[in-house]
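K.L.:
Here you go, one structure.
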Amino acid sequence: MLSRRWILATCVAILLCGTPHGAWMTVDASAGRSDDLAFSGGPEAGQVVSGTYTILMTNVNNMDFINIEVSDGTSWSAIANVTDAPWLAAWDTSAHSDGDHQLRIEGTFTNSSTTGWVLSPTFTIDNTAPSALTLSTTGAVVGDGSSTINRAWFTTSESGTMNFDWTATDTHL
């Protein structure tokens with residue numbers, strides 16, 4: 001039994017010493033996953049957001065906290081300081097003016113070093129409801145639907161079609 005181990009150990013040593021330098025297989029997984037702090041799930045470039053928007057950060061290993069800020073193109077203002085999992089923040093976009101904006105995040109590791117600022121693409125906040133909204137239809141038998149007293153009545157069959165027209169004023173329709 002001892003002689004088999006000796007022969008095996010000798011063969012392994014010869015193989016290891018006889019293999020040319022650089023012939024070992026290496027695996028590089030850096031293309032598959034980035035270790036950089038990042039946004040997950042948007043906002044995407046040109047996306048229109050409103051109301052409460054969830055900001056999710058990924059690649060947060062060994063983070064102590066993450067600062068989130070927003071810019072309207074002139075200055076940056078703080079949104080949140082996220083200190084633990086699930087590393088997300090519910091952002092009330094109605095606290096900011098309508099228009100083009102950008103987010104940025106900076107992570108601070110447990111050793112106090114930082115990631116540097118990571119910027120989102122430019123997106124649009126639109127919390128203003130459309131104005132001058134009108135809805136109309138044609139072909140009423142009685143009334144025109146302009147009020148609850150002047151209701152519109154139709155004789156459309158169950159497989160028939162009613163056409164509606166609408167208009168509104170809004171920058172982002």
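K.L.:
Between 91, 76, 117, which is under 14 Å from residue 55 (Cβ atoms), among the aromatic types (Phe, Trp, Tyr) and touching a strand residue (DSSP E or B) at 6+ places or on another chain (Cβ under 6 Å)?
P.N.:
The match here is 91.
K.L.:
So, in region 81-97, how many residues would count as being within 18 Å of residue 42 (Cβ to Cβ) and either part of a loop (DSSP other than H, G, I, E, B) or of a type in the set (Val, Ile, Thr) (or both)?
P.N.:
Of the residues in that region, 5 qualify.
K.L.:
Here's something else I'd like to know. Determine the pairs where a residue that is within 17 Å of residue 82 (Cα to Cα), located within region 39-68, has a partner that is modelled with pLDDT of 90 or more and of a type in the set (Lys, Arg) with Cβ atoms under 9 Å apart, the partner being 6 or more residues away or on another chain.
P.N.:
Between residues of region 39-68 that are within 17 Å of residue 82 (Cα to Cα) and residues that are modelled with pLDDT of 90 or more and of a type in the set (Lys, Arg), the close pairs are 67/104; 68/104.
K.L.:
Follow-up. Has region 139-148 got at least one residue that is under 18 Å from residue 57 (Cα atoms) and either touching a residue at least 40 places away in the same chain (Cβ under 8 Å) or among the charged types (D, E, K, R) (or both)?
P.N.:
no
K.L.:
Quick check: anything in region 88-103 aromatic (Phe, Trp, Tyr) and at pLDDT below 90?
P.N.:
Scanning region 88-103 turns up no residue that is aromatic (Phe, Trp, Tyr) and at pLDDT below 90.
K.L.:
Still on this model: Answer yes if at least one residue in region 56-64 is farther than 14 Å from residue 114 by Cα and either touching an Asp or Glu at 6+ places or on another chain (Cβ under 7 Å) or in a loop (DSSP other than H, G, I, E, B) (or both), and no otherwise.
P.N.:
No, region 56-64 contains no residue that is farther than 14 Å from residue 114 by Cα and either touching an Asp or Glu at 6+ places or on another chain (Cβ under 7 Å) or in a loop (DSSP other than H, G, I, E, B) (or both).
K.L.:
In region 154-172, which residue that is at pLDDT 85 or above and surrounded by fewer than 10 Cβ atoms within 10 Å (Cβ to Cβ) is nearest to residue 50 (Cα to Cα)?
P.N.:
The selected residue is 161.
K.L.:
Do we have residue 122 as among the β-branched types (Val, Ile, Thr), closer than 17 Å to residue 36 by Cβ, touching a strand residue (DSSP E or B) at 6+ places or on another chain (Cβ under 9 Å) and in contact (Cβ under 8 Å) with a residue 40 or more places away in the chain here?
P.N.:
Here the answer is no, as residue 122 does not meet what is asked.
K.L.:
Turning to a different aspect of this structure: Out of the residues in region 104-129 meeting the condition of being hydroxyl-bearing (Ser, Thr, Tyr), surrounded by 15 or more Cβ atoms within 10 Å (Cβ to Cβ) and not in a strand (DSSP E or B), tell me which one is nearest to the chain's Cα centre (by Cα).
P.N.:
For region 104-129, the residue satisfying everything is 120.
K.L.:
Among (1) more than 15 Å from residue 37 (Cα to Cα); (2) acidic (Asp, Glu); (3) assigned to a loop (DSSP other than H, G, I, E, B), which single condition is residue 100 missing?
P.N.:
The number of the failed condition is (3).
K.L.:
Provide a single number: the residues in region 141-151 that are assigned to a loop (DSSP other than H, G, I, E, B), surrounded by 10 or more Cβ atoms within 10 Å (Cβ to Cβ) and at pLDDT 85 or above.
P.N.:
Qualifying residue count, region 141-151: 3.
The values are calculated or read from the model by the stated rules, or taken from the named source; none is laboratory data. Everything quoted here is computed from the prediction, not taken from an experiment. Reconstructed Cβ throughout: ideal geometry from the backbone, glycine too, with neighbour counts over all protein chains shown.
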